[in-house]
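A short reminder: the numbers here are calculations on the coordinates, not readings from a lab. The structure presented is a predicted model; accordingly, all values stated were derived computationally and were not measured. Neighbour counts are summed over all protein chains in view; Cβ atoms, including those assigned to glycine, are modelled from backbone coordinates with ideal geometry.
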Amino acid sequence: MLNRTMLLTLLACPVWLLFAGQAALANEPYRELDRPRAYTPDVKGDARFSDTYRYWKDRSRLDPAMAGNPDEYWKLNWKFMDPPFNQAIHGGHFAMDHGETRFMSLNRTHSFARCLGAGKQGLKGLRAGYPRYVARLGRVAGLEEMIEHCAAKEGVVMQNGSYDNSAVALYIASHSNGMPIRIQVSKGPMRQAFERGRLLYHTRSGRQNFACASCHVHNTGKHLRGNNITTPFGDASHYPVYRTRYELQSLHLRMIECQLDTGAQPLLPGSRAYTDLEVFLTALSNGYPVAVPTERD
């Protein structure tokens with residue numbers, strides 16, 4: 001018999017979850033969902049959530065008065081440049097230079113770039129189209145996963161989540177600076193990954209029984225450990241990001257950090273669950289320009 005908590009959880013679920021089948025419910029462990037919601041896979045969809053997009057949609061015109069106000073700062077969605085911020089020089093620039101060196105060593109015959117999907121325009125716009133479905137792998141893959149795969153074809157170990165891998169990803173991403181994220185999640189494997197990622201984003205886990213959405217959807221703008229929680233929209237466009245505490249951090253490493261903070265068991269970078277979350281979060285950045293290298297504390 002369902003208890004009251006389980007019943008309320010089921011009532012909060014999308015209708016399609018109610019028809020998942022008794023076998024699936026019997027074989028799957030119980031997971032509590034944090035009020036799943038529908039999302040428009042575009043950065044402008046934030047208007048239905050935190051409604052702060054109007055303040056941060058143009059990075060060149062951010063209000064400095066808001067930046068200096070601890071109660072207003074979160075509305076600028078400045079996850080990618082915590083103050084004091086100096087775009088001219090920080091550790092992300094050194095990481096990007098290192099990534100260029102490693103990329104050039106891997107791409108002597110241009111096969112590495114071709115493996116990543118670079119066309120006639122070279123690396124331009126490549127980052128803006130990831131994650132993507134890769135037919136030869138038979139699955140959706142993020143840029144860092146493809147760097148690991150393509151480096152292996154060159155006889156080089158470049159593990160997803162490593163400094164070298166993230167540095168190469170940062171260098172590649174720099175060729176898409178100013179170009180809007182543009183992944184398609186309307187059908188096929190990408191749509192399936194988006195929906196799985198959306199469900200995972202609202203699934204509670206860990207000792208604190210938090211979901212990603214517990215903070216970044218339902219408590220946006222509120223204080224947590226000295227920080228004001230910001231919206232997930234537009235977040236994926238600045239990764240990999242230089243962290244003064246952790247050096248260089250890919251989006252998957254950021255997911256690991258969040259899980260450790262909430263007492264949940266993290267997964268390996270490149271896991272299917274993290275890639276699904278990457279698809280979901282990147283879709284919420286559709287229409288927002290790539291901006292690297294960036295810095296956080």
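Okay, here's what the table says:
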| quantity | calculated |
| --- | --- |
| Residue-by-residue Karplus 3J(HN,Hα) for the stretch 228-239, coefficients 6.51, -1.76, 1.60, Hz, glycine and proline x | 9, 6, 10, 6, x, 5, x, 6, 6, 6, 10, 8 |
| Hull volume in cubic angstrom per residue (convex hull over the Cα atoms of the stretch 136-204) | 136 |
| Radius 14 Å from Cβ of Asn219, net charge of other residues (Lys, Arg +1; Asp, Glu -1) | +4 |
| Area projected by the alpha carbon convex hull of the stretch 91-174, averaged over all directions, nm² | 5.1 |
| Sorted peptide list for 273-283, 215-225, criterion being average Cβ within 10 angstrom, highest first | 273-283, 215-225 |
| Spacing of the two label points (7 Å from each Cα toward its C-beta) at Arg108 and Arg54, in nm | 5.7 |
| Cα Rg, Dmax (largest Cα-Cα span) when computed across the chain, Å | 19.4, 63 |
| Förster radius 45 Å - calculated FRET efficiency between Ala88 and Arg191, Cβ distance, rounded to 0.05 | 0.65 |
| FRET E, pair Arg61, Leu224, Förster distance 35 Å, beta-carbon r, rounded to 0.05 | 0.80 |
| Intensity falloff of the stretch 111-235 expressed as log10 I(q)/I(0), Debye formula with alpha-carbon point scatterers, at q = 0.15 Å⁻¹ | -0.88 |
| Proxy reagent accessibility, fewest Cβ within 10 Å first, across Lys153, Lys124, Lys75 | Lys153, Lys124, Lys75 |
